[in-house]
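Novice: Here's a structure for you.
The values are calculated or read from the model by the stated rules, or taken from the named source; none is laboratory data. Please read these numbers as outputs of a predicted model, since none were measured by experiment. In this analysis, Cβ positions are derived from the backbone assuming ideal geometry, glycine residues included, and neighbour counts consider all displayed protein chains. These area figures cover heavy atoms from the full protein model, side chains too; ligands, DNA and RNA do not enter into them. Shrake-Rupley method; radii C 1.70, N 1.55, O 1.52, S 1.80 Å.
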Amino acid sequence: HKSHQSGRDVDIGYFVHNNKEQRRFVDTNKRTIDAEKTWALLEALMRYGKVKYVFVDYDLQPSLKEAAQDAGWPEHVLNTIFQFPRGSSAHAGIFRHSPGHDNHFHIRFSCAKDDMKCLE
């Protein structure tokens, strides 16, 4: 769709409990998400240093933030990464609510330094 035209966007389904195989994106909530595994993937991407935004349903952010805390991320860093608990309309954090992201998360990567045509 429109936001995936520059090659900097990707949609990825959430890991769910019991390693349930998914052939398509499935609705996920705080009871079904495997936040630890989902965070492990997100953490690897975040450490790469090129993630601009992660669009994720606001109701899933507390579980992901808790998994990040359990993985050793300090609270002051997580407060800059997560929109939660400021509210789903707050313009803060890399992880932000966007409607329609309860069955997958959307990652937007930053422009490459040598791509003069890319607009942030």
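Novice: Suppose a student asked you for the relative contact order of region 5-105, using Cα pairs under 8 Å spaced at least 6 residues apart; what percent would you report? Numbers along the way, then the final one.
Specialist: Working: 132 pairs, mean separation 34.7, N = 101.
Relative contact order of region 5-105: 34 percent.
Novice: Are there any GluC sites (Glu not before Pro) in region 1-109 that are in a DSSP loop and have at most 13 other Cβ atoms within 10 Å? List them by number.
Specialist: Loop-located and lightly packed - E21.
Novice: Please compute the Cα-Cα pair-distance distribution of region 21-77 with 10 Å bins starting at 0, giving whole percents from short to long.
Specialist: Bin by bin from 0 Å, the calculated values are 20, 55, 24, 2.
Novice: Can you check what the net charge comes to around A67, using other residues whose Cβ is under 12 Å from the Cβ of A67 (Lys, Arg +1; Asp, Glu -1)?
Specialist: On the way: positive: K30, K37, K65; negative: D34, E36, E43, E66, D70.
Overall, the nearby charge balance is -2.
Novice: Just to be sure I understand: with springs between alpha-carbon atoms less than 10 Å apart, which residue in G87, G13, G72 has the highest mean-square fluctuation in the Gaussian network model of the chain?
Specialist: So, out of G87, G13, G72, the one fluctuating most is G72.
Novice: Once both axes come from the Cα atoms, what is the angle between helix 35-48 and the longest principal axis of the chain, in degrees from 0 to 90, rounded to 10?
Specialist: Its long axis makes an angle of about 20 degrees.
Novice: Where does helix 61-70 land angle-wise versus the long Cα axis of the chain, in degrees 0 to 90, nearest 10?
Specialist: So the inclination is approximately 80 degrees.
Novice: Would you mind telling me the share, in percent, of accessible area of region 1-117 contributed by carbon and sulfur at probe 1.4 angstrom?
Specialist: On the way: 3650 of 7230 Å².
Roughly 51 percent of what the probe reaches on region 1-117 is carbon or sulfur.
Novice: Which shape class, rounded, prolate or oblate, goes with region 1-113 when its Cα gyration tensor gives a ≥ b ≥ c as root eigenvalues, a/c under 1.5 marks rounded, and past that a/b bigger than b/c marks prolate?
Specialist: Here region 1-113 falls in the rounded category.
Novice: Holding the Cα-Cα limit at 31 Å, pick out from K20/K65; K30/K52; K30/K117; K20/K52; K30/K50 the pairs that are longer than that. Each step should come with its number before you reach the end.
Specialist: On the way: K20/K65 22 Å; K30/K52 24 Å; K30/K117 39 Å; K20/K52 29 Å; K30/K50 27 Å.
Pairs exceeding 31 Å: K30/K117.
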